[in-house]
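Since the structure comes first, as structure tokens, the remarks are kept for the end.
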Amino acid sequence: MAENDDYLERFFMNDNYTGNEDNVVHEEVYLCKKSDVIQFGATILPTFYYIIFLLSLVGNGLVLCIIYKYEKLSTVTNIFLLNLVISDLIFASSLPFWAVYHKSEWIFGRGLCKLVGSCYSIGFNSSILFLTLMTFDRYLAVVHAITAARKRRSLYAFVSSTVVWVLSILASIKDVVFHDVMKIENSLLCEMTGYNQSFLTKWELTGYYQQFFLFFLVPLFIVLYCYIHITIKILSTRMSEKCRAVKLIFVIIFTFFICWTPYNVVILLKAIKTSFGNPNDCSNVLDYAMYITRNFAYLYCCISPVFYTFLGKKFQSHFLKLLSKHIPCLKINAAFLSTTSKTTSIRSPNTDY
């Protein structure tokens, strides 16, 4: 631990080292000592990252298993759900690397530094976009059922999914370009480096505003708009379980808001501080807040397919069928829930939440 403290001390007292002697810019830069924050992250983050990784692996693996055994990829909903699972697994695959990094140093080399950084960005961004896309598709299926029936085809799902992946990859290019390994004495870091500090700060600000506006405000507006109209539509029908459907909509919006808002508010505050704040202000409040709120966003990002999947009775029935193969006493419950879900889908095929 003493060795780790010495490393942190060396890093934050270092002038402006970039890891590439040809790109070193000799300018006076005031650096804040963040060793307490880094030590806090080294203590808290690895455990959270491993837990989120395992939850994502088990939960998303279960969703994949159910889709493979009981569902078809010919439906728009399942195509979007499969893409959401893939994006979450891509994101979760980066977490063990970051856990090791926060605990000690970057030991995986330059190539993995860029690859893991890009997987983290692509998975994280595509996850929130696919959640938004699934919400919009649900809005079409419920509010514009007759019109959407002709348009919600496999081609529409594949094209929409491709657009999401392209946007996510474009947003991650800066991580591939700027992330690199830099050596400070005997310790290795995987950070944005290789250019002068003012240039990197501009790109850091671009990332902050991109995250807040493109990957939070726009999705939040779409989610609220769609679910408000879905709720109005459900309440105007004679659907037998409309109270349950409205409650589930409230749970979805509430969970989305609680998990994503604190993190993105911190992102915005960091952007404002970087743009207009005193450069000599070394307050650690936002850094601690970032560590804490980011984990809620990560957790929601990784368990969202499970959350969305098992809100529907159809998938609950599939899950019970899967368990009943190993637990015989669940066979009756599985059969009952299967019958109930079929009845519900006949009465209201577009509102299986």
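Computed FRET efficiency, Cβ-Cβ of Thr162 and Ile272, R0 45 Å: what is it to the nearest 0.05? So the FRET efficiency works out to roughly 0.85.
Under the combined filter of DSSP loop state and at most 14 neighbouring Cβ atoms within 10 Å, segment 151-199 retains these trypsin sites (Lys or Arg not before Pro): Arg153. In a DSSP loop and with at most 14 other Cβ atoms within 10 Å, there are no chymotrypsin sites (Phe, Trp or Tyr not before Pro) in segment 251-283.
Please work out the FRET efficiency for the pair Ala145 and Leu54, using the Cβ-Cβ distance as r and a Förster radius of 35 Å; give the result to the nearest 0.05.
Values: r = 39 Å, r/R0 = 1.12.
Between Ala145 and Leu54 the formula returns 0.35.
Backbone amide hydrogens, once placed in the peptide plane, bring Leu188 within less than 5 Å of Trp106, excluding anything fewer than 5 places away on its chain.
Note on Lys313, Lys325: ascending count of other Cβ atoms within 10 Å places them as Lys325, Lys313, the fewest first.
What is the magnitude of the charge dipole of segment 35-301 about its Cα centre, with +1 placed on the Cβ of each Lys and Arg, -1 on the Cβ of each Asp and Glu, and no other charges, expressed in debye to the nearest 20?
Numbers: 21 positive and 13 negative charges, 270 e Å.
Computed charge dipole of segment 35-301: roughly 1300 debye.
For the pair His229 and Val251, how long in nm is the line joining their label points, each one 7 Å along Cα→Cβ? Here the modelled spin labels are 2.5 nm apart.
Estimated from the Cβ-Cβ distance and a Förster radius of 25 angstrom, the FRET efficiency linking Lys325 and Lys72 is about 0.75.
Dividing the convex hull volume of the alpha carbon atoms of segment 135-222 by its residue count gives 116 Å³ per residue.
What the pair-distance distribution of segment 146-294 shows, using all Cα-Cα distances binned every 10 Å from zero, is 8, 24, 31, 19, 12, 5, 1, 0 percent. Residue order for Asp88, Asp137, fewest other beta carbons within 10 angstrom first, comes to Asp137, Asp88. In vacuum, with every alpha carbon of segment 95-157 counted as one equal point scatterer, what does the Debye formula give for log10 I(q)/I(0) at q = 0.15, 0.20, 0.21, 0.29 Å⁻¹? Two decimals, please. Here the Debye-derived log intensity ratios amount to -0.62, -0.79, -0.84, -1.15. Each pair of Cα atoms in segment 35-301 enters the Kirkwood radius, and Stokes-Einstein at 25 °C and 0.890 mPa s then converts it into a translational diffusion coefficient of 121 µm²/s.
The numbers here are math on the coordinates, done by the rules we state, and not lab data. Treat the numbers as computed from the prediction; the structure is a model and nothing was measured. So basically every Cβ, Gly included, is an ideal-geometry build from the backbone, and we count neighbours across all protein chains shown.
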